[in-house]
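Reviewing the structure listed below.
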Amino acid sequence: MAKKTKRDEKFNYNASVSALRAEGPGGLYLIWGPEDYLADRFFEEIKKLCITSETDDFSYRRLDEHDFSALALREAVDSVPFLSERSLVEVRGVDINKLKESDEISGILADIPDYCTVVFMAPIGFEPDKRLKVYKSIQKNGKEICVTAQGGDILIKWIIRRFAAEGKGIELNAVQRLINVSGELMNGLIPEINKIASYTKGDRVTEADVDAVAHHIPEAVVFDMTEALAKGENNAAMRLLGELLADKNNEPTMILAIVGGQMRKMYAARVAIDYGLTKDYVMKTLGLRYDFMANRLIAASRRFSTSQIKRAVELCAETDYAMKSSKTEPTELLKECVMRIAAGEDDA
């Protein structure tokens, strides 16, 4: 079994904030992960604990990728607080994997004064390279916080509260559909909630309202497409594939990667069914946060035979190789792959 990474661990925002308030700010943080909305909220909690005076502009320093250096970091760390008990140094958008002055910076991070807090706010898409000195120094002398999407009731209740703030109620199935089509990241959901609330004429948001105006992320469209394939609704599946390809932001190789990932999940669910394993096992194994997503996945996987899903996984791998090694247009290869899955090929 693969070793669990920070990204795989569940981040509980409320519990983390409660612990921060109880313990007080530490000297060093690396905050990264896909949920940048909560990352910013967590940073603001640190800032409020460090900079206690509203008129204190001298105890806070911010460095970004344009002005960051070992010298700038040293000067910021050595600046004593003025009207607050602590000073705060925010390092925003700097990729610690690419720092050239690693020895000097590692030394600074190992010797942060008791009155100072340094927070590295990593750029979007950042993944730490655990072999590097700066990361090891942060791990040894500070706290690494990977801010992941909030699953289950936490996100559902947050969505309900956001709609309530817009003067709208929302049905549970509409909440589930919104998560399905627009993803679990709050920064992505906020504009969709605002858009749906403005569109909805009544005081209650329905699933139809969500489908009418919410942005459908590629993963959601692929989920719907594979579900249509499982039901034998091949025309609907090809229409959804056409929608994906019509969006110039979606490269065929990217779409294929998502299709392959979804078919692997379905294969895992299908094998679990064959062995009489529970939905809880499927959710834990695949990292699914919601019952309704697991129910959809399991229902779709039941409509395929195990050999058909296994062959679908193989077709995705073969198509990926063909895209990288042949001169055939990737879009045509992708269409052929989906049509062969639709035809119900098996590995027999």
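The values are calculated or read from the model by the stated rules, or taken from the named source; none is laboratory data. On a predicted model such as this, the values are computed, not experimentally measured, just so you know. Here Cβ is always computed from backbone atoms with ideal geometry, including for glycine, and neighbour counts include all displayed protein chains. The area values use the complete protein model at the heavy-atom level, side chains included, leaving out ligands, DNA and RNA. Shrake-Rupley method; radii C 1.70, N 1.55, O 1.52, S 1.80 Å.
Some points to look at:
- The single condition among (1) more than 17 Å from residue 137 (Cβ to Cβ); (2) open to solvent by 70 Å² or more (accessible area, probe 1.4 Å) that residue 56 does not satisfy is (2).
- When the range 127-153 is filtered for residues that are part of a loop (DSSP other than H, G, I, E, B) and either touching a Pro at 6+ places or on another chain (Cβ under 7 Å) or surrounded by fewer than 20 Cβ atoms within 10 Å (Cβ to Cβ) (or both), the ones remaining, listed by number, are 127, 129, 130, 131, 132, 148, 149, 151.
- Test: residue in the range 139-159 that is touching a Lys or Arg at 6+ places or on another chain (Cβ under 8 Å) and of a type in the set (Lys, Arg): no
- Residues of the range 196-217 that turn out to be open to solvent by less than 30 Å² (accessible area, probe 1.4 Å) and in a helix (DSSP H, G or I), as a count: 4
- Number of positions in the range 59-71 that are more than 17 Å from residue 119 (Cβ to Cβ) and surrounded by fewer than 13 Cβ atoms within 10 Å (Cβ to Cβ): 2
- Test: residue 229 is surrounded by 14 or more Cβ atoms within 10 Å (Cβ to Cβ) and either under 16 Å from residue 312 (Cα atoms) or in contact with a Phe, Trp or Tyr (Cβ under 8 Å, 6 or more places away or on another chain) (or both): yes
- Within the option set 248, 195, being touching a residue at least 12 places away in the same chain (Cβ under 8 Å) and basic (Lys, Arg) holds for one residue only, 195.
- Counting only strands (runs of 3 or more DSSP E) that sit completely within the range 1-120, those holding 1 or more residues that are more than 30 Å from residue 154 (Cα to Cα) correspond to 60-64, 87-92.
- Boolean, residue 33 is closer than 15 Å to residue 147 by Cα and surrounded by fewer than 13 Cβ atoms within 10 Å (Cβ to Cβ): no
- A single entry from 275, 321, 281, 267 fulfils the requirement of being closer than 20 Å to residue 221 by Cα and either open to solvent by 70 Å² or more (accessible area, probe 1.4 Å) or at pLDDT below 95 (or both): 267.
- Against the test of being modelled with pLDDT of 95 or more, of a type in the set (Lys, Arg) and open to solvent by 80 Å² or more (accessible area, probe 1.4 Å), the options 74, 41 yield a single qualifying residue, 41.
- Qualifying residue in the range 163-177 (condition: under 17 Å from the mean Cα position of the chain (by Cα) and either hydroxyl-bearing (Ser, Thr, Tyr) or surrounded by 21 or more Cβ atoms within 10 Å (Cβ to Cβ) (or both)): no
- The condition (being touching an Asp or Glu at 6+ places or on another chain (Cβ under 7 Å), modelled with pLDDT of 95 or more and farther than 20 Å from residue 342 by Cβ) is satisfied by just one residue among 196, 190: 196.
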